[in-house]
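J.: Sharing a structure with you now.
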């Protein structure tokens, strides 16, 4: 089998077709369309936990960021980028726009990737699909490294396919650079790098000299990857030693299928999501039948399946690392395979119906994403109100933070107290909005686990009791995301029979009563509640 063979359905060479002069216009149009779609409702949400802890590091040096990233799942490239950007264009909205801008680079890159898979028609369809993908849109609106990660995946694959075909230095160097930047963006790039070199080894099995250029081009990349190898392995060990998330299950595969295809499970409506994603499944299967004669598609199928299986095996052997967002660098390639499958169907009517249903699914899910924007983002951002009578604008945390900044007085403190699962998700964003300038604490009798942000806390920011404060304050602002009735009426909680272990471990309500604090007001901002407790004594009592 020759590496330069193409499917009988292929058109002219992707870089020699008659529309070459229009390449710039196509690329620009895809970028602008991608940016436009990523700008819709871009500023409708406050920062959430993962964004906040990243933004809190921007005041540190680049060396501080390097050291900070050793305790997280991502290397320092993206934090360095946003630090440089924020030095010129400060503010969270500016950084959200940067993420949208970086995310809009993926559709043009996907266009060239599609041309490598088949032809210009597939490239254009793939570029539009990446503009519409709800999965790509979601992470392009977040101040996280996932916005740029798919772009590096596309460039790496383009370099691989062109390198295998031509063996030119420039393509191996392009692939090497994309792999380096991708790895220092997110560690999952190591899976793609490993599988790509299996592909290169297979290609050179009859002529090992073909491996010389890709290996030499990757030597600097390999050395720089080794620099972050120990932090990567240390982080993986830390994940294995502590509770992370639920073990791998077949449901995770289903979620990945939805994510790769339409990009959403439609609010946990798995039956509807499964039906919507059937065109992607059928297109993927059709690609298997049509891959003969197109080596790039064969390699693409091998790459997608190998990366997913590798992560699956590791997740089965230890703590699960099988999270759909980690595979986002493969999403454009998956869509390209699906579109190739439909374009290769010999029955043109069936092919057109398949393509129509595929793009209808993308458009439908994108519409759902924007119409139900708060619901889609409610898992970690707590934007939804408790009842239909309340309005929601996605800025409950920042409004509560601004309210507290204006209301807090001398000898008053802020304490975050609610279920352990939700405390960190409000505490760290509020720390960001307050820039750590207010006396603000998270209450927990036991150390906050790293998977809830424990590694980001500074000394004395966690307290297990009021008596750990230097002095009992005259007033306490208690911030919570829980129901005021259900969790701040202690008698009701105890009578309910709920196993509220944290209430037995750190009973703030009991301490407030024992130390003569009375509740005087409650103000709510969406799901964020601020409750003020004033001490009845005229003078404060020092600790001990």
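J.: Arrange 307, 528, 376 by Cβ neighbour counts within 10 Å, fewest through most, would you? Don't skip to the end; give the middle numbers.
T.: Details: 307 21, 528 25, 376 18.
Ranked by crowding around the Cβ, least crowded first: 376, 307, 528.
J.: Within the stretch 390-420, list the residues whose amide N lies under 12 Å from a label point set 7 Å along Cα→Cβ of residue 520.
T.: Flagged as within label range: 408-410, 412.
J.: What is the stretch 118-274 by shape, rounded, prolate or oblate, if you read a ≥ b ≥ c off the alpha carbon gyration tensor as root eigenvalues and call it rounded for a/c under 1.5, prolate for a/b larger than b/c, and oblate otherwise?
T.: Oblate, because a/c is 1.5 or more while a/b does not exceed b/c.
J.: List the residues of the stretch 324-355 whose backbone N lies under 18 Å from a point placed 7 Å from the Cα of residue 379 along the Cα-to-Cβ direction.
T.: 324-331
J.: For residue 222 and residue 350, calculate 0.36 nm times their separation in residues minus their Cα-Cα distance, and state this gained length in nm to one decimal.
T.: Full extension from residue 222 to residue 350 adds 41.5 nm.
J.: Next up: Taking 0.36 nm per residue of separation and subtracting the Cα-Cα distance, what length does fully extending residue 88 through residue 28 add?
T.: 19.1 nm
J.: Among 133, 94, what is the fewest-to-most ranking by other Cβ atoms within 10 Å? Present the calculation step by step, with values, prior to reporting the outcome.
T.: Values: 133 33, 94 14.
Ascending number of Cβ neighbours within 10 Å: 94, 133.
J.: Let me know the shape class of the stretch 275-403, please: from the alpha-carbon gyration tensor, a ≥ b ≥ c as square roots of the eigenvalues, rounded when a/c is under 1.5, otherwise prolate if a/b is greater than b/c, or oblate.
T.: In terms of gyration-tensor shape, oblate.
J.: A further question follows. Once fully extended, how much extra length lies between residue 21 and residue 275, figured as 0.36 nm per residue of separation less the alpha-carbon to alpha-carbon distance? Mind showing how you got there, number by number?
T.: On the way: separation 254, 0.36 × 254 = 91.44 nm, distance 4.04 nm.
Value of the extension gain: 87.4 nm.
J.: Testing the spin-label approximation: label points 7 Å from Cα along Cα→Cβ at residue 233 and residue 197. State their distance in nm.
T.: Rounded to a tenth, the inter-label distance reads 1.4 nm.
J.: Continuing with this model, one more query. Taking square-rooted eigenvalues a ≥ b ≥ c of the alpha carbon gyration tensor, is the stretch 20-376 rounded, prolate or oblate, where a/c under 1.5 means rounded and, failing that, a/b exceeding b/c means prolate? Walk me through the numbers on the way to the answer.
T.: Values: a/c = 1.38, a/b = 1.10, b/c = 1.25.
Rounded shape, in that the Cα axes give a/c under 1.5.
J.: In what sequence do 360, 329 fall when counting other Cβ within 10 Å, fewest first?
T.: 360, 329
J.: Another question, then. Label points 7 Å out from Cα along the Cβ direction at residue 268 and residue 468: separation in nm?
T.: Each label point is offset 7 Å from its Cα along the Cβ direction, giving 3.2 nm.
J.: Right, another one. Counting only helical runs of four or more DSSP H residues, what would the 222 nm mean residue ellipticity of the chain come to if each run contributes -39,500 (n - 2.57) and the total is spread over all its residues?
T.: Computed ellipticity for the chain at 222 nm equals -18000 deg cm²/dmol.
J.: Hey, another quick one. Would you please state which residues of the stretch 172-201 a label at residue 62 would reach in this model, taking the label point 7 Å out along Cα→Cβ and a backbone N cut-off of under 16 Å?
T.: Hits in the stretch 172-201 for residue 62 at 16 Å: 181, 184-185.
J.: Okay, moving on. Among DSSP beta bridges whose residues both lie in the chain, state the antiparallel percentage, nearest 5. List each step's numbers first, then the result.
T.: Numbers: 15 of 25 bridges.
Of those bridges, close to 60 percent are antiparallel.
Computed from the coordinates by the stated procedures, all read-outs in this text should not be read as laboratory data. Remember, predicted model here, so these are calculated numbers, not experimental data. Glycine gets a Cβ as well: all are built from the backbone with ideal geometry, and neighbour counts include every protein chain shown.
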